[in-house]
Amino acid sequence: MRTRSVRMKKHKFIIWLVLGIIAIVALLFIISNQTDSEKNDNKNVAIVKDFKEITSIKVLADKKVELKKESDQWRLQGVGREQNNEKVSHFVETMQGLQGVEANVKPNEVSLQFPEVTVVFADEDGDKQRVSVGQTNVNGDKYYIEHHETETIYLVDRTDIETIPLNVNSLLDNQIISINAKELEKIDIENGTEIIQLRNDSPFTERESLAHISGWYMYQPYKSVYSVAFSKMEAILGGLEGLTKTQVVEDATKLGKTDFKITFQAKDQSETLLIGEPAANQQYYAKLEGEDEVFTVTTEALEPYSHPSFDLIDHFVHILPLNAVKELKIQSNEYHWTVLGEHKRSEDEEETESSFIINDKPIRLIDWREAYQTLAGLTFDEVVEDLPQEMERELMIQYTADTDQEQDPTYSLEFLSMDDKYFALNKNNEGIDFIIEKDKVYQALEALANVLP
């Protein structure tokens, strides 16, 4: 009896052991199936057969996208805007080279029973190949797709599948402004509060303009012309590529009132962007003047063009390189200076040997250069608002530039006393735009006095 019992226990143990092994093998098979669902010795194979014969591609998703081959060129169908040829070519070339590894799964296991995205390839005879997109694998780097005609499921690189456009906007030229940044000559910004005019034609001579790094100048809204700050101008010009249509809007009335508009002007071309009411997700409704299409553009893309004029310009009182100073006159109750400069330049003007004198006495160049930087670095503080009815001139600074012209230009800076704290600055007798703290001005003059003989 004991021997029989031992045999039965051994028999049960063997049964459970076999069942355990079967369960482990099945589990490993399932895990292997979910991670790659393919045999390791399988190779990538082309999915769309005879692609050279394909003349039509349709993407069936939330909205249909259709392309047709016309004289060896693929063209979007049923759109009223220019397609982005680079995006179209990239999509078509990706589909032509689409490859995958056969996967041993059933459609309902990988969301292919009711696919949300199907691409239909057809030739001139109407023969079709349908490719549907299912879910990603466990690693998330591949998609399961099914070729319906061959009833084969493949694993395909995620990057290839994500080139499939889910709407026509993905393949359209969404660039709003067609003018190249290098072609721009003028930008007008009307923001509902002020009109800002930026131009790249310098009011200064070439030698003077070397100190104005951005090469752009603000002609409005101020009485005088001021240099646009390099960082701000860089963002404005670089932002042209970021001005793109995020979505075309069917209801044109959503545009609303357009108090904000930007006009970009080249030599023979002008385009005006009208910005209307705010839209969802940090966007605005917008359109191009003269066109019917309304679209959205992100607030971030509009940011470079949304600054008030004061924030766009350099705040320097006057910028003139030291090696272009022919004469500097400073007149006040305390100071009466006339500094003369002489400059010997190389033929390419990359090297300049400068010297300065006052009352026939030479000024030590190294000290004068440092002191002059203090004067040249003077910046105004605020836009003028309320001015006293009467103001007296307390200081006058005049620059004469060395330009090798018949008549070298002279610039006058008149400092009018508003109160104990501020000067009103009248530049070139053109009117008052800004105010500046008196302490800053007199500190710069003291720096000059310390080096003058």
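How many residues are within 13 Å of Val248 (Cβ to Cβ) and free of Cβ contacts under 8 Å to residues at least 24 places away in the same chain when one looks only at the range 277-292?
Qualifying residue count for the region: 1.
Taking the range 141-161 on its own, how many of its residues are touching a residue at least 24 places away in the same chain (Cβ under 8 Å) and either exposed (fewer than 14 other Cβ atoms within 10 Å of the Cβ) or in contact with a Cys (Cβ under 7 Å, 6 or more places away or on another chain) (or both)?
Of the residues in the range 141-161, 0 are touching a residue at least 24 places away in the same chain (Cβ under 8 Å) and either exposed (fewer than 14 other Cβ atoms within 10 Å of the Cβ) or in contact with a Cys (Cβ under 7 Å, 6 or more places away or on another chain) (or both).
So, of the residues in the range 363-418 that are hydroxyl-bearing (Ser, Thr, Tyr) and over 14 Å from Ile330 (Cα atoms), which turns out to be modelled with the lowest pLDDT?
Result: Thr403.
Among the residues of the range 125-142, write down those that are part of a loop (DSSP other than H, G, I, E, B) and within 13 Å of Glu109 (Cα to Cα).
Scanning the range 125-142 gives Asn137, Val138.
Select from the range 360-394 the residues that are within 22 Å of Ala324 (Cβ to Cβ) and β-branched (Val, Ile, Thr) and write down the one among them that is surrounded by the most Cβ atoms within 10 Å (Cβ to Cβ).
Out of the qualifying residues, it is Ile363.
All but one of (1) surrounded by fewer than 17 Cβ atoms within 10 Å (Cβ to Cβ); (2) aliphatic (A, V, I, L, M); (3) within 39 Å of the chain's Cα centre (by Cα) hold for Ile47; which doesn't?
(1)
Report yes if Phe91 is among the aromatic types (Phe, Trp, Tyr), under 17 Å from Asn167 (Cβ atoms) and either out of contact with any strand residue (DSSP E or B) (no Cβ under 8 Å at 6 or more places or on another chain) or not in a strand (DSSP E or B) (or both), otherwise no.
Considered against the rule, which asks whether it is among the aromatic types (Phe, Trp, Tyr), under 17 Å from Asn167 (Cβ atoms) and either out of contact with any strand residue (DSSP E or B) (no Cβ under 8 Å at 6 or more places or on another chain) or not in a strand (DSSP E or B) (or both), Phe91 comes out as yes.
Restricting to the range 405-426, count the residues that are in contact (Cβ under 8 Å) with a residue 12 or more places away in the chain and under 17 Å from Val325 (Cβ atoms).
7
What are the pairs, 6+ residues apart or on separate chains, where a residue within the range 52-75 that is of a type in the set (A, V, I, L, M, F, W, C) has its Cβ under 7 Å from a residue that is in a strand (DSSP E or B) and surrounded by fewer than 17 Cβ atoms within 10 Å (Cβ to Cβ)?
Hits for this filter: Ile54/Asp123; Leu67/Arg75.
It is to be established whether one or more residues within the range 264-276 are more than 22 Å from the chain's Cα centre (by Cα), loosely packed, with under 13 Cβ neighbours inside 10 Å, over 18 Å from Glu82 (Cβ atoms) and among the basic types (Lys, Arg).
Looking through the range 264-276, at least one residue is more than 22 Å from the chain's Cα centre (by Cα), loosely packed, with under 13 Cβ neighbours inside 10 Å, over 18 Å from Glu82 (Cβ atoms) and among the basic types (Lys, Arg).
Out of Ile161, Ile187, Ile177, which single residue is modelled with pLDDT of 95 or more, of a type in the set (A, V, I, L, M, F, W, C) and closer than 30 Å to Leu274 by Cα?
Only one candidate qualifies: Ile187.
Tell me the residue from Lys245, Lys232 that is within 28 Å of Pro409 (Cβ to Cβ), among the basic types (Lys, Arg), touching a Leu at 6+ places or on another chain (Cβ under 9 Å) and surrounded by 16 or more Cβ atoms within 10 Å (Cβ to Cβ), please.
Lys232
Please state which of the following conditions Glu293 fails to meet, knowing it meets all the rest: (1) in the same structural domain as Arg199 (by TED's automatic domain parsing); (2) at pLDDT 95 or above; (3) surrounded by 12 or more Cβ atoms within 10 Å (Cβ to Cβ); (4) not β-branched (Val, Ile, Thr).
Unmet for Glu293, out of (1) in the same structural domain as Arg199 (by TED's automatic domain parsing); (2) at pLDDT 95 or above; (3) surrounded by 12 or more Cβ atoms within 10 Å (Cβ to Cβ); (4) not β-branched (Val, Ile, Thr): (2).
The values are calculated or read from the model by the stated rules, or taken from the named source; none is laboratory data. Remember, predicted model here, so these are calculated numbers, not experimental data. Positions of Cβ are backbone-derived with ideal geometry, glycine not excepted, and every protein chain shown enters the neighbour counts.
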